[in-house]
Amino acid sequence: MKGIDNVNSLIQTAIEQGLIFGVLAVGVTITFKILDFADMSAEGTFPMGAFIFAKFILAGMSPLISTLLAFFIGAFAGIITYILHVKMKITALLSGILTMTLLYSVNLRINNKSNVGLFNYDSIFDNMEVIIVLIIIVTIIKILMDLFLKTEIGYLLIATGDNETLVKSLGEDSNKYKLIGLMLSNGLVALSGAMMAQYQGFADSNMATGIVVIALASVIIGDTIFKNSKKLKRTTRAIIGAIIYKVIGAIAIDLGLSPQDLKAISAIIVIVFLGYNNLSFSIPFLKDLKFKKVKEIV
Amino acid sequence: MLNINNLSKSFNTGTENEINVFEKFNIHINKGECTGILGANGCGKSTLFNIISGVLAADNGDIVLNGKNINNLRENERAQFIGRVYQDPSRGVSPSLTILENISLSDKKCQKYTLKNLINKKNIDSYRESLKSLDLGLEDKLNTEVKYLSGGQRQSLSLLMATFNKPELLLLDEHTAALDPKTSRLIMEKTQELIKNHSITTMMISHNIKDVIKYSDRIIMLDKGKVMLDVKNGEITEKELIDIFNTKNYDSYMDEAV
């Protein structure tokens, strides 16, 4: 009985963390999937969100305002990557890496320390069950993002990632949409960082190591599992992908995997899912296997 | 209508690989005409289109469209006057969006894009009518993502989108070169229909001499950044054009013509 309770608690923790990473995955979806922009700055923006939250909560602000400020200030990190890439013509990948490196020092400066304990401070989870609060926040973000992507500006954001020439031919400056995308993405990543700081009770400068791979793993898992589902929007796929990723990790740990191997597992999950997507169409053996599977289902 | 005066453009300036594509190049395009542009690869046809549409900046010279100097306008700012259809059918559309979403985007071309919903159900019938005029059955595929369309369907959609706001100048950049002969003919006929119905001044780059003769009012042949031949349609036969193209013997033809 105790064992089952442990598993339930482990799965619940995984779902809660998955919901927090769902916000991160939605942010990364905007850059990697919609804008086709490999923005690595998330590794700097995620802890930045945590440290900004810590700064304001320590200064006596409400947890909700502190969390929202993490979103808005995080969005400004997107401007740095934008300037490096668009104005200074540095490649997308390097621009993100430079912003990430820059933010590492900025994050240490925000509170003048690399680890800030938040156990004794208010958080957005104080008045309700953690999972309820997370479901509410993630649902609001998902609905707002879906509504935004249905607007004229939202569609231009998608078109910018798809074909910049078209956006210019519509009379629009495609760089404007890159800026909007980068700001929105970094804002959501910082928001996710702020939520994680409150959830785990501290902000740490190393809390984001490998976070982009985790976010990508979430997006790829969601896309691979639900790629034939036209009804599930990309935001939903990213969020469910993040939850599945976390649950897989929790089960792996429960089965005896050492937590220190989790990062390698993240990378392996990305490799397996990407490989499955990319190679199965070119390897006849796998193609046949897929075909058989479909036939069996039919 | 379009005047290009004293245009100069070079690449790799100051290096041993410097290429002078245009030097004091002049051209005048008449309103309402379709001008076919011929010339071998590297003669400057695409560079000319890139300069007109603002993709490339000229080193010197003026581009004047309907009396307005557009030199300082950026590519997206020139889009309110200029439409362009590319050789690659995917360059004029957003492949991951549906036909309806693509057309709705082009319907708002050069207006202010806002946070309003893009899809307006009131407009769907008129979009269907426009698509129906292409005779490709696209009106029944409004919710199909453009990446699933054939090259010809995609190119006809690009054409429709490029002419949706009835531009003052339409640039056709070898827009049928990537299509099979049957589809190419169909797209050329639709192009002709659109530009005649809306009286759009058109410049058309093509390597297909038959198409240039059939659909152009005027034929210009470029060679090494210079206008080597400039005739009205009817003043030259297909055979003569092919001869000139093969021998580059412009002078002998011009003498004969005179």
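Relative to the Cα centre, what is the charge dipole magnitude of chain B, using +1 at the beta carbon of each Lys and Arg, -1 at the beta carbon of each Asp and Glu, and rounding to the nearest 20 debye? Walk me through the numbers on the way to the answer.
Numbers: 33 positive and 34 negative charges, 224 e Å.
Magnitude of the dipole: close to 1080 debye.
Please report, in debye to the nearest 20, how large the charge dipole of chain A is about its Cα centre when each Lys and Arg carries +1 at its beta carbon and each Asp and Glu carries -1 there.
700 debye
Past the 32 Å Cα-Cα mark, which pairs from A:LYS168/A:LYS233; B:LYS141/B:LYS232; A:LYS233/B:LYS190; A:LYS89/A:LYS113?
Going by Cα-Cα distance, B:LYS141/B:LYS232; A:LYS233/B:LYS190; A:LYS89/A:LYS113 fall outside the 32 Å limit.
Could you tell me the convex hull volume per residue, in Å³, taken over the Cα atoms of chain B?
Each residue corresponds to 148 Å³ of Cα convex hull volume.
Between A:PRO63, A:PRO47, A:PRO259, where does the largest GNM mean-square fluctuation fall for chain A, given springs only between Cα atoms within less than 10 Å?
Looking only at A:PRO63, A:PRO47, A:PRO259, the largest GNM fluctuation is found for A:PRO259.
What is the stretch A:2-297 by shape, rounded, prolate or oblate, if you read a ≥ b ≥ c off the alpha carbon gyration tensor as root eigenvalues and call it rounded for a/c under 1.5, prolate for a/b larger than b/c, and oblate otherwise?
Here the stretch A:2-297 falls in the oblate category.
With contacts defined as alpha carbon pairs under 8 Å and 6 or more residues apart, what's the relative contact order of chain B in percent?
So the answer I get is 25 percent.
Mind checking which lysines have their Cα closer than 23 Å to the Cα of A:LYS263? Skip sequence neighbours fewer than 8 apart in that chain.
Those lysines meeting the cut-off are A:LYS33, A:LYS246.
Could you tell me the relative contact order of the stretch A:2-297? Use alpha-carbon pairs under 8 Å, at least six residues apart, and round to a whole percent.
After rounding, I find 34 percent.
Sort out for me the Cα centre separation of the stretch B:6-59 from the stretch A:140-175, rounded to whole Å.
32 Å
Can you tell me the FRET efficiency between A:SER258 and A:VAL213 if r is taken as the Cβ-Cβ distance and R0 is 22 Å, rounded to the nearest 0.05?
Rounded to the nearest 0.05, the efficiency is 0.75.
What helices does chain A have that are whole DSSP H segments, at least 18 Å long along their own axis by Cα, and with mean Kyte-Doolittle hydropathy of 1.0 or more?
A:42-58, A:63-82, A:92-110, A:130-149, A:211-225, A:234-254, A:262-279
How much mean residue ellipticity at 222 nm does chain B get from its helices, if each DSSP H run of length 4 or more adds -39500 (n - 2.57) and you divide by all residues, to the nearest 500 deg cm²/dmol?
That calculation yields -9500 deg cm²/dmol at 222 nm.
For the stretch A:28-106 and the stretch B:171-242, write down the distance between their C-alpha centroids in whole Å.
Taking the Cα centre of the stretch B:171-242 as reference, the centre of the stretch A:28-106 is 51 Å away.
Of all accessible surface on the stretch A:2-297 at a 1.4 Å probe, what whole percent is carbon and sulfur?
The C+S portion of the solvent-accessible surface of the stretch A:2-297 is 66 percent.
Given springs between every Cα pair under 10 Å in a Gaussian network model of chain B, which of B:SER96, B:SER184, B:SER199 has the largest fluctuation?
Highest fluctuation among the options: B:SER96.
Expressed as a rounded percentage, what relative contact order does the stretch B:143-258 have, with Cα pairs under 8 Å and six or more residues apart?
18 percent
Of the cross-linked pairs A:LYS178/A:LYS227; B:LYS122/B:LYS214; B:LYS31/B:LYS147, which ones have a Cα-Cα span greater than 32 Å in the structure shown?
B:LYS122/B:LYS214; B:LYS31/B:LYS147
Rounded to the nearest 100 Å², what is the sum over both chains of accessible area buried where A meets B, with a probe of 1.4 Å?
That pair of chains buries around 2100 Å² in total.
Answer rounded, prolate or oblate for the stretch A:1-70, using the Cα gyration tensor with square roots of eigenvalues a ≥ b ≥ c: rounded when a/c is under 1.5, else prolate when a/b is larger than b/c, else oblate. Could you put the intermediate results ahead of the total?
Numbers: a/c = 3.07, a/b = 1.24, b/c = 2.47.
Taking the square roots of the gyration eigenvalues as a ≥ b ≥ c, the stretch A:1-70 is oblate.
In a Gaussian network model over chain A where Cα atoms closer than 10 Å are linked, find which of A:LYS55, A:LYS89, A:LYS142 has the largest mean-square fluctuation.
Sorting by GNM fluctuation, first place goes to A:LYS89.
Treating only the Cβ of Lys, Arg, Asp and Glu as charged (+1, +1, -1, -1), what charge dipole size does the protein assembly as shown show about its Cα centre? Round to the nearest 20 debye.
Value, rounded to 20: 1060 debye.
Given a 1.4 Å probe, how much area per residue of chain B is accessible, in Å²?
Working: 12300 Å² over 258 residues.
Ligands and nucleic acids excluded, the figure is 48 Å² per residue.
For the stretch A:66-154, what class follows from the C-alpha gyration tensor (a ≥ b ≥ c being the square roots of its eigenvalues): rounded when a/c is under 1.5, otherwise prolate if a/b is larger than b/c, else oblate?
Note, shape of the stretch A:66-154 comes out oblate.
Which of the listed residues, A:ILE131, A:GLN12, A:TYR276, is farthest toward the dipole's positive end in the stretch A:2-297, when Lys, Arg count +1 and Asp, Glu count -1 at the beta-carbon?
Looking along the dipole axis, the top candidate is A:TYR276.
The values are calculated or read from the model by the stated rules, or taken from the named source; none is laboratory data. Source: prediction; values computed, not measured. Cβ atoms come from the backbone with ideal geometry, glycine included; neighbour counts cover every protein chain shown. We work out accessible area using only protein heavy atoms, side chains counted, and drop any ligands, DNA or RNA first. Shrake-Rupley method; radii C 1.70, N 1.55, O 1.52, S 1.80 Å.
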